[in-house]
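In what follows, a structure is listed as structure tokens, so that the remarks can point back to it.
The values are calculated or read from the model by the stated rules, or taken from the named source; none is laboratory data. These numbers were taken from a predicted model, which means no experiment stands behind them. Cβ atoms come from the backbone with ideal geometry, glycine included; neighbour counts cover every protein chain shown. Protein only, heavy atoms only, side chains kept; ligands, DNA and RNA dropped before computing areas. Shrake-Rupley method; radii C 1.70, N 1.55, O 1.52, S 1.80 Å.
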Amino acid sequence: MFSSLIVNSFLNGSIYMLLAVGFSLTFGVAGVVNLYHGAYYMVAAYLAYAMFYIWSFPLWLASILSVLIVGALGVFMMRVPLAYLKNSKKESSLLIFTLGASYFTEYLLRLIFGARHYSLPSFFGQSVSVLGETVPGSRAFATIVSIVCVALLIIFLKTSRMGKEIVATSQDRLGSESIGINTTRVFSITAFVAAALAGIAGVAVSPFLAISPGMWLPALIKPFSIVILGGLGSIWGTVIAAFLMGFGETFVTTYWSPNFREIVFLVAVILVLIIKPTGLLGVKKT
């Protein structure tokens, strides 16, 4: 039972981590709480499904193209509506717009695909054994993809010139502009990376989680809760919080009831806002 708890906590936490780091990155760099983040996850899954089953693309190509398209969508959102609302100092309007755009996207996909649930074939069909527990190949693949993507993101931020520009902008936008960093380009690249990570998560989980018009909402609420727990703008805080929430959710599901799994995220947010509003490793914006 304990080994099952640990394994499932890790599997869930890795997916939450992949979803949440993009959300955290967007806020940390651009100062934008993008409630459209869950829609990237949903759009990528539907695009991959359409390309594979309707247009007969190879699964690997459909997956890559769907992630790239969603990344481009992220850049568009950042450069046009979000930039306008942020520059206009309409923060509340930005939240309303991104949430409304998510619902609009849901209804658009419902109109095109209907309310049916879909799925993609497994990227890796063979089950694996971890700590004596049998893990379906599709879940193992999604976990590996999540860990690799987040590791590559951290390496990119630490070692590449663009990554260092992103970090510098997150710490001090005006100071970065004063030394010649093109913050508009930084915001665009950040938006592409964040949307692409959410898209990768959406595609990776599609073999074992249903593709449906409402899938964006849990993919927004859970990462949002994780980012609050970890600290807005903190990548490492988000990583730690994702696995903590994965453990908490799995513990409640295993020893209490699956019906109360969502309560874990709500309780965590309430406790953090009361005890430590900046989160575990929160970063103050300058």
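Quick look at the numbers
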| read-out | value |
| --- | --- |
| Rounded percent of accessible protein surface that carbon and sulfur make up, the range 171-266, 1.4 Å probe | 69 percent |
| Listed candidates [x] 7, 28, 36, 22, 6, 0; [y] 6, 26, 34, 26, 9, 0; [z] 6, 27, 31, 21, 9, 4, 1, 0 - label of the one calculated as P(r) over Cα pairs in 10 Å bins from 0, in percent | [x] |
| Phi to ³J(HN,Hα) by Karplus 6.51 cos²θ - 1.76 cosθ + 1.60 over the range 274-279, Hz, x for Gly, Pro | 7, 8, 9, x, 7, x |
| Mean shadow area of the range 128-174 over all directions, Cα convex hull, nm² | 4.5 nm² |
| Volume of the Cα convex hull of the range 19-91, divided per residue and given in Å³ | 83 Å³ |
| 17 Å cut-off, amide nitrogen to a point 7 angstrom out along ILE6 Cα→Cβ, residues in the range 125-146 | 129-135 |
| Under 5 Å, built H, 5+ apart or other chain: amide partners of GLU133 | none |
| Label-point separation, TRP55 to ARG185 (7 Å along Cα→Cβ), nm | 3.0 nm |
| Cα-based Rg and Dmax for the range 95-186, where Dmax is the largest Cα-Cα distance (Å) | 20.7, 56 |
| Spin-label model distance (nm) - ARG161 vs PHE76, 7 Å beyond Cα toward Cβ | 3.0 nm |
| Using alpha carbons only: equivalent-ellipsoid semi-axes of the range 201-276, gyration tensor based, whole Å | 21, 17, 11 |
| Probe 1.4 Å, protein heavy atoms only - accessible area per residue of the range 28-177 in square angstrom | 52 Å² |
| Per principal axis, descending, Cα span of the range 140-232 in whole Å | 47, 23, 23 |
| Karplus 3J(HN,Hα) series, Hz, for the range 231-237 with 6.51 cos²θ - 1.76 cosθ + 1.60 (x for Gly, Pro) | x, 4, x, 9, 5, 5, x |
| Taking the chain and dividing mean pair separation by its residue count, relative contact order in percent (alpha carbons under 8 Å, at least six apart) | 36 percent |
| Potential lengthening between ILE270 and LEU68 on full extension [0.36 nm per residue; Cα-Cα distance subtracted] | 69.1 nm |
| The range 81-218 - percent relative contact order, Cα under 8 Å, separation 6 or more | 32 percent |
| Among LEU197, LEU131, LEU217, residue whose mean-square fluctuation peaks in a GNM of the chain (springs only between Cα atoms under 10 Å) | LEU131 |
| Approximate spin-label separation THR254-HIS117, in nm, with each point projected 7 Å along Cα-to-Cβ | 2.4 nm |
| Cleavage-rule hits, chymotrypsin sites (Phe, Trp or Tyr not before Pro), the range 9-63, DSSP coil, Cβ neighbours within 10 Å at most 11 | TRP55 |
| Fraction in percent of alpha-carbon pairs per bin - 5 Å, the range 1-127 | 2, 9, 15, 19, 18, 15, 12, 7, 3, 1, 0 |
| Descending Cα extents along the principal axes, the range 50-125, whole Å | 48, 25, 22 |
